[in-house]
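Engineer: Before I ask anything, let me first share the structure, which is written out below as structure tokens.
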Amino acid sequence: MPVITALPPGLEHGGLAAADELFPIREVARLTGINPITLRAWERRYGLIQPVRTESGHRLYTQKDIETVHRILDWIERGVAVSKVGKILARDDAQVSSLQDQQEGSGELEWAQWQQQLQLAIGAFDELQLERLYGQVFAAYPASVAFQDILMPLWRQLLRHQGRFGQASEWLFFDSFLRARISQRLQLARAGRTPLVLLAAIAGECRELELLVAGLMLSGEDLAVHVLNVGQPLDELTLICEKTRPQALVLFSNRSPTHELPKRLARLALTLECPLLLAGDASDMAEQLLADTAIGCLGNEGRLMQRRLQQFLRGTLDT
């Protein structure tokens with residue numbers, strides 16, 4: 001079904017330009033896999049999407065609305081109730097707005113331009129060009145910006161958009177490329193040093209690349225991080241800590257925390273001789289659940305995670 005490239009009479013307002021593409025609800029359902037009934041419920045009941053209306057009352061959606069649907073799906077797949085997604089989206093939008101304000105003042109190339117160039121290399125399966133761009137990104141930005149603001153948003157976008165032939169292969173190509181480079185960086189960062197911090201994923205609650213990036217973000221000049229393989233049994237972490245004697249054990253999760261999580265973490269903490277910390281999206285969502293425990297929450301933002309970890313190890317972070 002073709003999209004509408006000119007606004008119907010009476011809709012040239014509210015920040016929409018006359019050339020904006022607008023999609024009818026059936027086309028949005030086809031592109032996202034979400035049926036019209038659910039799309040209407042997300043609008044009426046939760047206010048998650050606000051499509052424009054024609055004079056006859058038909059809904060029309062922008063490309064940004066479609067991106068919002070994909071973001072909602074991403075959080076629902078992580079176990080977040082749809083009724084709670086709105087607050088998370090608002091928080092993320094506020095963070096993006098703040099970063100964009102900083103970027104406009106810096107005069108640097110916009111991250112979207114890098115993502116477009118990277119996507120062209122990925123679409124051509126051109127590893128040599130992807131390697132060049134990867135190096136240029138790190139020459140222009142610190143690792144926290146390169147991953148959090150350029151590479152990982154593109155990775156998530158490719159992960160969500162796998163409806164057309166070839167898109168799954170593009171994501172696999174990019175995912176494999178990044179995992180190899182980040183693993184290499186982590187090895188170099190801890191070369192010849194005893195791991196000071198262990199990082200492990202809660203089984204089934206993140207992808208390998210997300211865990212590796214978290215390990216890199218937590219690493220510092222005076223802090224080596226050893227990332228355990230995805231699938232590491234939670235009940236065997238005590239054994240590993242006894243053998244390696246880390247300064248801290250960090251668990252990573254990008255899923256919504258269950259009410260059982262504090263009990264599981266408390267039981268694990270009792271068996272450890274080092275502090276237990278939680279990082280990832282689950283960390284932000286579990287802060288209230290863990291407020292009365294000794295388990296520290298590091299958050300999900302790269303620059304913040306490292307700072308909180310260092311504060312915790314110095315004894316200056318209030319859990």
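Engineer: Going residue by residue through segment 298-310, is there one that turns out to be surrounded by fewer than 16 Cβ atoms within 10 Å (Cβ to Cβ) and more than 23 Å from the chain's Cα centre (by Cα)?
Structural biologist: So far as segment 298-310 goes, no, none of its residues is surrounded by fewer than 16 Cβ atoms within 10 Å (Cβ to Cβ) and more than 23 Å from the chain's Cα centre (by Cα).
Engineer: Go over the candidates 227, 145 one by one and state the one that is farther than 23 Å from residue 75 by Cα and within 19 Å of the chain's Cα centre (by Cα).
Structural biologist: 227
Engineer: So, in segment 123-145, exactly how many residues are buried (at least 16 other Cβ atoms within 10 Å of the Cβ) and at pLDDT 90 or above?
Structural biologist: Selection size over segment 123-145: 5.
Engineer: Which one is nearest to residue 253 (Cα to Cα) among residues in segment 56-65 that are surrounded by fewer than 17 Cβ atoms within 10 Å (Cβ to Cβ) and touching a residue at least 12 places away in the same chain (Cβ under 8 Å)?
Structural biologist: Filtering segment 56-65 for residues that are surrounded by fewer than 17 Cβ atoms within 10 Å (Cβ to Cβ) and touching a residue at least 12 places away in the same chain (Cβ under 8 Å), the one nearest to residue 253 (Cα to Cα) comes out as 63.
Engineer: Here's something else I'd like to know. List every residue pair whose Cβ atoms lie under 8 Å apart, where the two residues are 6 or more positions apart in sequence or sit on different chains, the first residue falls within segment 153-172 and is among the polar types (S, T, N, Q), and the second residue, located anywhere, is not in a helix (DSSP H, G or I).
Structural biologist: Within 8 Å, the pairs are 167/161; 169/125.
Engineer: Something else about it: Here are some residues: 233, 257. Which one is in the same structural domain as residue 295 (by TED's automatic domain parsing) and surrounded by fewer than 23 Cβ atoms within 10 Å (Cβ to Cβ)?
Structural biologist: 233
Engineer: Moving to a separate point now. Would you please name the residue that is surrounded by the most Cβ atoms within 10 Å (Cβ to Cβ), looking only at residues in segment 146-166 that are touching a Gly at 6+ places or on another chain (Cβ under 9 Å) and at pLDDT below 90?
Structural biologist: Ranking the candidates gives 148 first.
The values are calculated or read from the model by the stated rules, or taken from the named source; none is laboratory data. Since we're looking at a predicted model, the values are computed, not measured. No Cβ is skipped: glycine too gets one built from the backbone with ideal geometry, and neighbour counts run over all protein chains shown.
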